[in-house]
Amino acid sequence: MPTASQIIQVLASIGFIGLGVAMFVQWWRRRGRAEAMLAWSLGLFAVVAANGLIQRVWGTSRPLTAITFVAFLGSGYFVLLFRDAFLPLKPPIRRAATVLLVVGCGLGVVFATVLSTGGALRAGVTLALVLTWGAFMGEPIARFWMASRNQPAVQSSRMKAFSLGFAGLLTILLLAVIGGAALRSQVPTVLLDLVALALVPIIYVSFAPPSILRRIWRMGEENELRAAIQDLLIFTPGPQALAEQAIGWAWRLTGAQAAFLVDAGGNIVATRNIDRAAVQRILEGKGAEVRGFFPGTEGATAMIAPLRLTEGTGYIGVVAGSFTPLFGNDEINLLEGYASSVAAGLERTRVTERIATIEKHKSQFLNLASHELRGPLTVIRGYGSMLQGGLLGDLNERGRKAAPVMMAKILEMNALIEQMIEAARLEDGALLIKPEEADLCDIVTSAIAKVEPVLDEKHRIVLVSPNRPVLVMVDAQRVQTIVTNLIDNAVKYSPEGGDVTCIVTLRGGVARVSVKDTGIGIAKDDLPILFTRFGRVSNTSTNHFPGTGLGLYLGRQLARLQGGEITVESAAGDGSTFTLHLPAAEPSTGTGKVGELSQSVAPGGGVQLS
Ligand code: ADP
């Protein structure tokens, strides 16, 4: 009747034989150098296990023991070479290891054939062999454990499983040899055998983890991945940064050794741990296929998924390393799903860049056109006023009628050009504000005076202001420009005529000027566009009004530069009230914070007389 311990020992031996066979199969499939080293290591360990089984059944034999010693040392030596496949050892160390192997094997064979079992010398030799084995294994075990920290979840778990598995083996062997008689009783033996049996699956998953396990390992990274995808889609500034980030994640996600991204034009945009020539070879090897597994570098497998972009198909690819789990359907589906997010992100950056370029061109055009137009217009204006004033000779009846209209249009054009120049200055950050104490009532009066000469008979401008100064610390010239534009608009967008009422108030530390008209008004949906650059309401009832869509944009920016704001209340067909809010120079009661006050004003109607 076999004891529990014997059964477990047999199972563990069979397990290690299975491991050796599985590793050889894997090597046969992948043919990498690292796989070969691991296959030899586990294969030789399988020989040790098989010898143990044979000797258990047929009794000990000196030649088999000698083979066991050699296979045992060999299995440790090949783990060192496996490590060498990742991080090359220094040549003297490799040579020393080889010498140690040869000497160890020689001694092992001699002692196995000469010494009888059970002697103290024999135990010493066995301990020496286990220590030599430990010398081969110790460094790789420690190094893999340390290196696992900076790896993607899957790779990290595999490296840890590797370290744990071999460290476990080493510990069991050392305990078995050093523990001697103390460990030969029933309970410790069974425990050690159970641990040995448990090490079989641990070592197995370190080189061939099933997909379910890979998924579990990856779970911890999933939240991070979700955040990364959001980042890719919304925030990443440019295509290059996005590509770099994208391959970083593809690399982590699949536990790959290397990753790369190729744009629709076939340009290699980003790489990690792989050179361009190697990427080129993989791309050539894949031919016309857009997705799948292809030969990668040094016999490893490369996995490629398409990036479907507007200009064509790009690719994101990852290359397995010796420590990458087998790439399977799971991984390629994952990579493909990820690739579509990356493609969306790339499209977004492309659109953003395009818009930025258009905006830049718009600004450049604005700048150039306004400056180029200003010179000739000054000359035209000069001649226009000379003509109108009769300095160029008497005009006939029709000329006298035409001259003021021409002058009005010249002044209109001049105002437009000034707006364009001011907008260009604003965008260049070259707009200087010179604050000084001024009376808002005076500023509004001057603005009205500027508009009045060109007013038709249908319109009337009414000023309602307190009979004491409303002091503000502002750039008076610029505030006048803002108010003039508000009055100009009020007149322009009241084609039927009517009163334009300018109301100056001071309340809660905020000075305001509201310009109220009875004109066409603005639909609620159109309100958000008013203060944007070139923003104009576009429909059949507004399209015939001339304008640039710059006035309100500039007005709001200028107001904000002075700590103020412009708000609007309007409804289609029901007139509009635009209000300029400015911090008063001598705050009365209240907080004096324009932002807060302007908000509290907006819904209720800001026309208040102080
Ligand atoms: P512009 O008048 O040159 O088009 P603005 O920036 O001054 O540019 O005004 C932007 C848009 O806001 C105008 O095109 C017009 O549609 C709308 N708007 C401005 N003021 C009024 C107003 N008082 N009544 C109705 N619509 C207005």
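The values are calculated or read from the model by the stated rules, or taken from the named source; none is laboratory data. Here the structure is a predicted model, which is why all the values come from computation and not from measurement. Ideal geometry is used to build each Cβ from the backbone, glycine not excepted, and the neighbour counts take in all protein chains shown.
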Just checking, which of 556, 560 is basic (Lys, Arg), surrounded by 17 or more Cβ atoms within 10 Å (Cβ to Cβ) and in the same structural domain as residue 483 (by TED's automatic domain parsing)?
556
Residue 484 being assigned to a helix (DSSP H, G or I), in contact with a helix residue (DSSP H, G or I) (Cβ under 8 Å, 6 or more places away or on another chain) and surrounded by 16 or more Cβ atoms within 10 Å (Cβ to Cβ):
yes
For residues that are at negative phi and within 9 Å of the ligand (Cβ to nearest atom), scanning just the stretch 540-549, find the one that is surrounded by the most Cβ atoms within 10 Å (Cβ to Cβ).
548
Scan the stretch 557-610 for residues that are in a loop (DSSP other than H, G, I, E, B), within 16 Å of the ligand (Cβ to nearest atom) and modelled with pLDDT of 50 or more and jot them down.
571, 572, 573, 574, 575
Residues (within 10 Å of the ligand (Cβ to nearest atom) and surrounded by fewer than 24 Cβ atoms within 10 Å (Cβ to Cβ)) located in the stretch 492-515
492, 493, 494
Is it the case that residue 302 is within 10 Å of residue 258 (Cα to Cα) and not assigned by TED's automatic domain parsing to the domain that holds residue 158?
yes
Failed condition for residue 447, given (1) away from the ligand (no atom under 16 Å from the Cβ); (2) under 20 Å from residue 558 (Cα atoms); (3) not in a strand (DSSP E or B)
(1)
Any residue in the stretch 452-465 that is touching a residue at least 60 places away in the same chain (Cβ under 8 Å) sitting within a Cβ distance under 8 Å of a residue that is in a strand (DSSP E or B)? List the pairs, counting only those 6 or more apart or interchain.
464/501; 464/502; 464/503; 464/504
Can you tell which of 384, 393, 375 is of a type in the set (Gly, Ala, Ser) and assigned to a loop (DSSP other than H, G, I, E, B)?
393
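Quick grid of which residues meet (1) touching a strand residue (DSSP E or B) at 6+ places or on another chain (Cβ under 9 Å); (2) among the basic types (Lys, Arg); (3) under 13 Å from residue 580 (Cβ atoms):
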residue: 423; (1), (2), (3): no, no, no
residue: 447; (1), (2), (3): yes, no, yes
residue: 451; (1), (2), (3): yes, no, no
residue: 461; (1), (2), (3): yes, no, no
residue: 469; (1), (2), (3): yes, no, no
residue: 484; (1), (2), (3): no, no, yes
residue: 494; (1), (2), (3): yes, no, no
residue: 505; (1), (2), (3): yes, no, yes
Within the set of pairs 6+ apart or on separate chains, which have a first residue in the stretch 385-402 that is surrounded by fewer than 14 Cβ atoms within 10 Å (Cβ to Cβ), a second that is part of a loop (DSSP other than H, G, I, E, B), and C-beta atoms under 6 Å apart?
386/392
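This table checks each residue for (1) outside the structural domain of residue 74 (by TED's automatic domain parsing); (2) under 18 Å from residue 196 (Cα atoms); (3) touching a residue at least 40 places away in the same chain (Cβ under 8 Å); (4) of a type in the set (S, T, N, Q).
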{"site": "128", "(1), (2), (3), (4)": "no, no, no, no"}
{"site": "134", "(1), (2), (3), (4)": "no, yes, yes, no"}
{"site": "142", "(1), (2), (3), (4)": "no, no, no, no"}
{"site": "153", "(1), (2), (3), (4)": "no, no, yes, no"}
{"site": "159", "(1), (2), (3), (4)": "no, no, yes, no"}
{"site": "166", "(1), (2), (3), (4)": "no, yes, yes, no"}
{"site": "171", "(1), (2), (3), (4)": "no, yes, no, yes"}
{"site": "175", "(1), (2), (3), (4)": "no, yes, no, no"}
Checking the condition farther than 19 Å from residue 38 by Cα and at pLDDT 80 or above, which residue from 100, 115 passes?
100
